[in-house]
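**Student:** Please read through the structure below; I'll follow up with questions.
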Amino acid sequence: LNLIWRDNSVKETGPERLPTFRHFEDMGIVVMRTGWDGDENVLAMKCGPSSGHNAERRFRHNIGGGHMHPSAGTMQLFAYGGHLLIHTGYTHKMTDQASTLIVNGTGQIGENSDWFECLEHRKGHPSPFVARAESRATWDYCIADATNAYPDAAGLRRFHRHVVFLKPDIWVVIDDIESAKPADYKLLFYTPSEPVTDGNGGFSVEAEKAGLWMVPMAPEGVVAKPDKHTTKGTGAHVGESFDRLVVMTDKPRARAVFVTVLYAFPLDRKDKGATVAMK
């Protein structure tokens with residue numbers, strides 16, 4: 001339809017004057033970026049009703065969720081010319097195929113289908129939302145409250161994902177999680193290549209011209225390991241394999257606060273800047 005409705009009187013305008021931070025409130029998407037020069041670093045975080053707050057208030061029936069996913073709290077990261085935290089694509093709708101949380105093996109409301117629908121939310125179950133989003137000259141910050149994305153049976157009392165962007169290339173992800181009783185928490189970070197251990201608790205991945213250093217720093221007893229996930233179910237992209245880093249505690253806990261540092265760098269930077277970044 002763009003060809004039909006093209007208006008040649010509308011002058012082309014680049015994005016350079018747009019802000020580098022934006023909270024798209026209806027969909028619950030927060031985008032943090034360093035600029036618009038074509039070589040910027042960008043993180044996008046999603047935490048809202050899959051169909052948007054407006055549609056959720058208006059409709060109580062199936063609306064055709066083929067392109068929606070049970071992925072509240074998920075993130076994607078592009079930096080130094082490389083896709084470093086990725087989306088797994090148009091797959092069978094499963095929470096464990098997104099960079100978010102699994103509780104005792106349980107994912108989010110509406111999963112395990114080809115056409116994602118979250119009728120429970122449109123019939124009254126509270127929805128996930130962005131609780132805070134703000135930007136400053138040297139840092140950006142947002143809080144994703146994804147608690148309500150999970151069914152009551154999961155026993156989840158809190159899943160708050162804090163993302164702090166220390167410009168231009170460090171992100172601190174703080175996941176504050178609490179359940180009614182001790183539970184197994186599994187945080188997933190989907191990557192473009194296999195995470196490789198640095199032998200000191202950190203992992204690195206590479207994509208195009210960029211690298212990402214991932215360091216799970218808390219809580220005490222945190223366990224991190226590379227993993228390959230093969231998509232299941234029916235429909236498109238079944239049987240595809242994706243790399244990911246799985247971060248979890250060493251034993252069930254009622255509450256855990258995870259801290260994961262993400263540091264992006266160009267691959268031609270000899271020292272990778274890791275020591276500088278951590279200081």
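**Student:** Identify, by number, the condition in (1) at pLDDT 95 or above; (2) surrounded by fewer than 17 Cβ atoms within 10 Å (Cβ to Cβ); (3) not basic (Lys, Arg) that Ala256 doesn't meet.
**Tutor:** (2)
**Student:** Let me ask something else. Right, Ile29: aliphatic (A, V, I, L, M), more than 16 Å from Ala133 (Cβ to Cβ) and open to solvent by 40 Å² or more (accessible area, probe 1.4 Å) or not? Full working, then the answer.
**Tutor:** Values: aliphatic (A, V, I, L, M): yes; more than 16 Å from Ala133 (Cβ to Cβ): no; open to solvent by 40 Å² or more (accessible area, probe 1.4 Å): yes.
So Ile29 fails the test.
**Student:** Could you pull out the residue among Arg57, Arg6, Arg17 that is open to solvent by 90 Å² or more (accessible area, probe 1.4 Å), of a type in the set (D, E, K, R), at pLDDT 90 or above and not in a strand (DSSP E or B)? Write out each step before concluding.
**Tutor:** Details: Arg57 fails: at pLDDT 90 or above; Arg6 fails: at pLDDT 90 or above.
Exactly one of Arg57, Arg6, Arg17 is open to solvent by 90 Å² or more (accessible area, probe 1.4 Å), of a type in the set (D, E, K, R), at pLDDT 90 or above and not in a strand (DSSP E or B), namely Arg17.
**Student:** Could you look through the range 164-178, keep only residues that are more than 16 Å from the chain's Cα centre (by Cα) and part of a strand (DSSP E or B), and pick out the one that is farthest from Asp96 (Cα to Cα)?
**Tutor:** Step one: list which residues in the range 164-178 are more than 16 Å from the chain's Cα centre (by Cα), which gives 166-169, 178.
Filter once more, so that each one left must be part of a strand (DSSP E or B): 166, 178.
Working: Leu166: 28, Glu178: 19 Å.
Going through the qualifying residues, I end up with Leu166.
**Student:** Considering every residue within the range 80-87, establish whether at least one is assigned to a loop (DSSP other than H, G, I, E, B), closer than 17 Å to Thr231 by Cβ and either open to solvent by less than 10 Å² (accessible area, probe 1.4 Å) or modelled with pLDDT of 95 or more (or both). So that I can check it myself, show each step before the final result.
**Tutor:** Of all residues in the range 80-87, those assigned to a loop (DSSP other than H, G, I, E, B) come to 80-81, 86-87.
Among the residues that remain, those that are also closer than 17 Å to Thr231 by Cβ are: 86-87.
Imposing the further condition that a residue be either open to solvent by less than 10 Å² (accessible area, probe 1.4 Å) or modelled with pLDDT of 95 or more (or both) reduces the set to 86.
Yes, the range 80-87 contains a residue that is assigned to a loop (DSSP other than H, G, I, E, B), closer than 17 Å to Thr231 by Cβ and either open to solvent by less than 10 Å² (accessible area, probe 1.4 Å) or modelled with pLDDT of 95 or more (or both).
**Student:** Okay, next question. Can Leu156 be described as open to solvent by less than 20 Å² (accessible area, probe 1.4 Å), touching a strand residue (DSSP E or B) at 6+ places or on another chain (Cβ under 7 Å), over 19 Å from Asn54 (Cα atoms) and at pLDDT 95 or above?
**Tutor:** On the way: open to solvent by less than 20 Å² (accessible area, probe 1.4 Å): no; touching a strand residue (DSSP E or B) at 6+ places or on another chain (Cβ under 7 Å): yes; over 19 Å from Asn54 (Cα atoms): yes; at pLDDT 95 or above: yes.
The answer is no for Leu156.
**Student:** Right, another one. Kindly list the number of the only condition in (1) surrounded by 12 or more Cβ atoms within 10 Å (Cβ to Cβ); (2) closer than 26 Å to Ala131 by Cα; (3) modelled with pLDDT of 90 or more that fails for Trp36.
**Tutor:** If we test Trp36 against (1) surrounded by 12 or more Cβ atoms within 10 Å (Cβ to Cβ); (2) closer than 26 Å to Ala131 by Cα; (3) modelled with pLDDT of 90 or more, just (2) comes out false.
**Student:** Something else now. Look at the range 89-139 and say how many of its residues are farther than 20 Å from Phe159 by Cα and open to solvent by 10 Å² or more (accessible area, probe 1.4 Å). Break it down into steps so the answer makes sense when it comes.
**Tutor:** First, pick out the residues of the range 89-139 that are farther than 20 Å from Phe159 by Cα: 89-93, 112-117, 119, 122-123, 135-139.
Okay, now just the ones that are also open to solvent by 10 Å² or more (accessible area, probe 1.4 Å), so 89-90, 92, 112-115, 117, 119, 123, 135-139.
Here the count works out to 15.
**Student:** Can you go through Glu208, Glu240 and tell me which one is farther than 16 Å from Leu85 by Cβ, of a type outside the set (Ser, Thr, Tyr) and open to solvent by 30 Å² or more (accessible area, probe 1.4 Å)? Let's see the steps before the verdict.
**Tutor:** Details: Glu208 fails: farther than 16 Å from Leu85 by Cβ.
When all the criteria are applied, what remains is Glu240.
**Student:** Let me confirm something: among Leu262, Leu267, which residue is out of contact with any helix residue (DSSP H, G or I) (no Cβ under 9 Å at 6 or more places or on another chain), open to solvent by less than 20 Å² (accessible area, probe 1.4 Å) and among the aliphatic types (A, V, I, L, M)?
**Tutor:** Values: Leu267 fails: open to solvent by less than 20 Å² (accessible area, probe 1.4 Å).
Sole residue among the options that is out of contact with any helix residue (DSSP H, G or I) (no Cβ under 9 Å at 6 or more places or on another chain), open to solvent by less than 20 Å² (accessible area, probe 1.4 Å) and among the aliphatic types (A, V, I, L, M): Leu262.
**Student:** Right, here's the next one. Suppose we keep only residues that are open to solvent by less than 50 Å² (accessible area, probe 1.4 Å) and in a strand (DSSP E or B) within the range 179-202. Which one would you say is farthest from Ala44 (Cα to Cα)?
**Tutor:** Ala183
**Student:** While we're on this one: Exactly one of these conditions fails for Ser71: (1) assigned to a loop (DSSP other than H, G, I, E, B); (2) surrounded by 23 or more Cβ atoms within 10 Å (Cβ to Cβ); (3) in contact (Cβ under 8 Å) with a residue 40 or more places away in the chain; (4) not charged (D, E, K, R). Give me its number.
**Tutor:** (3)
**Student:** Still on this structure, please answer the following. List the number of the failed condition for Gly66; all other conditions in (1) modelled with pLDDT of 95 or more; (2) more than 19 Å from the chain's Cα centre (by Cα); (3) among the small types (Gly, Ala, Ser) hold.
**Tutor:** (1)
The values are calculated or read from the model by the stated rules, or taken from the named source; none is laboratory data. Only a predicted model underlies this, so the values are computations on that prediction, with no experimental measurement involved. Here Cβ is always computed from backbone atoms with ideal geometry, including for glycine, and neighbour counts include all displayed protein chains. What goes into the accessible areas is simple: the full protein's heavy atoms, side chains included, and nothing from ligands, DNA or RNA. Shrake-Rupley method; radii C 1.70, N 1.55, O 1.52, S 1.80 Å.
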